[in-house]
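Report on one structure; see the data block that follows.
Since every read-out is calculated from the coordinates, none of them should be taken as a lab result. If you're wondering where the values come from, they're calculated on a predicted model, not measured in any experiment. Don't worry about glycine lacking a Cβ; one is built from the backbone with ideal geometry, like all the others, and counts go over all protein chains shown.
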Amino acid sequence: MSQSSREDFDITIIGAGVVGLAIAASLSNHKTFGSSKILVLESKEAFGTGVSSRSSEVIHAGLYYPRNSLKTKMCVRGNRLLYEHCNRFGVPYKKLGKLVVANKDELDDFEALISNAWDNGVSGIKRLSKSELRSIEPSVCAEEVFISRSTGIVDSHSLMKSFLYQLSHHGHTYVERTEAISIEPIGNGFELNLHDCSKKKPEPFCITSRSVINAAGMGAQKLTSQIIGYPAAKIPPQKLAKGCYFGYKKKNPFNHLIYPVTSKNPNSLGIHATIDLGGQLKFGPDIEYVSIESYDVAESKKEIFVQAIKDYFPSIKVEHLTTGYAGIRPKLVSQTGSSADFLIQEESSIQMKGLVQLFGIESPGLTSCIPIGEYVCDLLEKSLEL
Ligand SMILES: Cc1cc2nc3c(=O)[nH]c(=O)nc-3n(C[C@H](O)[C@H](O)[C@H](O)COP(=O)(O)OP(=O)(O)OC[C@H]3O[C@@H](n4cnc5c(N)ncnc54)[C@H](O)[C@@H]3O)c2cc1C
């Protein structure tokens, strides 16, 4: 992209995380938008280094969210589409299945969760007896258990690469180290003020775009505050929910992902056990609201983790844990204090036709990325009356 002359694009996507890239792939394959001139901008030195680089990489099934929420619809559909996509593009994954376990004090929550999963139309859910549990996971202890067979894990970096491949295969443009600083609505679209961050001193330049998609993850609200004329009161407040992980020093004893029922904190999935594609076991994430972006993992949390994990894995000890990593979920919180739904909106109602904004794309955002791409295409198509 040339900095000297102002270039015009049809659609500009700001943010090259898994969601921005999935949107770019959907647009590239779209019957109408595929022939448009599409640009993806990323402020960092590489794609997928934001929220998308710090997830559990779990392909969720859609057990937890309210029935008619976007999270449920997109997660349930995304689960199926993601496996199909992985098969088609050679993205590594494993459909390990997940066990949801409950102790004696959690039986009501267990019943509520399994019936929510059925209501949500999740496939592959089955109660297991204690002897079935013993035969498939001898180290796990539980009063009640069900299996979610469609839960799995995916190599999220390869997934993002496969989306980027589709973008470039269709001749569209991806640019790194380029930050969107502000956006100004103009006659028939938007002017974007950008910084070329590859230089020692960032160099400003402008492009225009008929449509703009704000997929900036944790930066979505900050970017919206720099859209000239956008009502500040309309920007949804964001809470940063940090989650820490600890690794496991000993040989992984599990064959499935193990999740306790989430009775203690409805905003997190409890201190669960996940396995990566290399077979390594890790525990977490927990949840802690923070005011600044920091990724340190406090050693002192080990004791708290062990107390929680003991409920389903009694032989765990503090000395078995190794310090892992942390991620931050960009959460929207409802008035009751519980996690709110994804917020994906086209802004014609405030005379900003062709602007699509994505807020609160926390978990299950990775699982939902392909349906999010489809949804954004639909919103754009309707707004442009194609
Ligand atoms: C701890 C944790 C565990 C999770 N586990 C799972 C899981 O197991 N399964 C699941 O389905 N989901 C999971 N998620 C959720 C999932 O990771 C996210 O929903 C998803 O990665 C969000 O992707 P994104 O593209 O919206 O954001 P990001 O990956 O953050 O991408 C946004 C990009 O925009 C760029 N950007 C920001 N501002 C600008 C600007 N002004 N100009 C240019 N570029 C800009 C950023 O640098 C960034 O690269 C987890 C999340 C966390 C934090």
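Putting +1 on Lys and Arg Cβ atoms and -1 on Asp and Glu Cβ atoms, find which of Ser300, Gln238, Leu321 reaches farthest to the positive end of the dipole of the stretch 226-341.
Farthest towards the positive pole: Leu321.
Lys234: which lysines have alpha carbons under 17 Å from its alpha carbon, excluding same-chain residues fewer than 8 sequence positions away?
Lys222, Lys331, Lys353
Under unit Cβ charges (Lys, Arg +1; Asp, Glu -1), what dipole magnitude, rounded to 20 debye, does the chain have relative to its Cα centre? Could you put the intermediate results ahead of the total?
Numbers: 43 positive and 41 negative charges, 158 e Å.
Result for the chain is approximately 760 debye, rounded to the nearest 20.
What Rg and what Dmax come out for the chain when only alpha-carbon atoms are used, in angstroms?
21.6, 70
Could you rank the peptides 71-77, 182-188, 321-327, 50-56 by their average count of other C-beta atoms within 10 Å per residue, with the highest value first? Provide the component values of the computation, followed by the final result.
Values: 71-77: 23.6, 182-188: 14.3, 321-327: 17.7, 50-56: 21.4.
Sorting 71-77, 182-188, 321-327, 50-56 by mean packing, highest first, produces 71-77, 50-56, 321-327, 182-188.
Are there any helices in the chain, counted as whole DSSP H runs, that stretch 15 Å or more along their axis by Cα and score at least 0.0 on average by Kyte-Doolittle, and if so which?
Values: long enough: 18-29 (16 Å, 1.70); 70-89 (26 Å, -0.61); 107-119 (18 Å, -0.05); 156-169 (20 Å, -0.16); 365-383 (26 Å, 0.48).
Helix filter hits for the chain: 18-29, 365-383.
May I ask you to list the aspartates and glutamates whose Cα is less than 17 Å away from that of Lys249, ignoring any residue fewer than eight positions away on the same chain?
The reachable aspartates and glutamates, counting only those whose Cα sits under 17 Å from Lys249, are Asp276, Glu299, Glu303, Glu319.
Net charge near Gly324, counting Lys/Arg +1 and Asp/Glu -1 over other residues with Cβ under 12 Å of its Cβ? Spell out each step's value before the answer.
Working: positive: Arg54, Lys249, Lys282, Lys301, Lys302; negative: Asp276, Asp286, Asp296, Glu299.
After counting each charged neighbour, the total is +1.
What is the local net charge at Ile235, summed over the other residues whose Cβ is closer than 14 Å to its Cβ (Lys, Arg +1; Asp, Glu -1)?
Numbers: positive: Lys222, Lys234, Lys239; negative: Glu347.
Residues close to Ile235 contribute a combined charge of +2.
Would you grab the residues whose amide H sits under 5 Å from the one on Glu7? Only those 5+ places off in sequence or on another chain, please, with H modelled 1.01 Å from N.
When sequence neighbours closer than 5 places are left aside, the close amide H contacts are Thr208.
Please arrange Thr12, Thr208 by counting, for each residue, the other beta carbons lying within 10 Å of its beta carbon, fewest first.
Working: Thr12 25, Thr208 18.
Listing Thr12, Thr208 from fewest to most nearby Cβ atoms yields Thr208, Thr12.
Pull up the cross-link candidates among the lysines for Lys31, meaning alpha carbon to alpha carbon under 16 Å and not fewer than 8 places away within one chain.
Filter leaves Lys382.
Can you compute the modelled spin-label distance between Ser115 and Ile186, with each label point 7 Å from Cα toward Cβ, in nm?
Going by the 7 Å Cα→Cβ label model, 5.8 nm.
Return the distance in nm (one decimal) between the two label points of a simple spin-label model at Leu277 and Tyr295, each offset 7 Å from Cα along Cα→Cβ.
1.9
Loop-only check: which chymotrypsin sites (Phe, Trp or Tyr not before Pro) in the stretch 268-307 are DSSP coil with at most 12 other Cβ within 10 angstrom?
Numbers: sites: Phe283, Tyr289, Tyr295, Phe305; in loops: Tyr295.
Hits after loop and neighbour filter: Tyr295.
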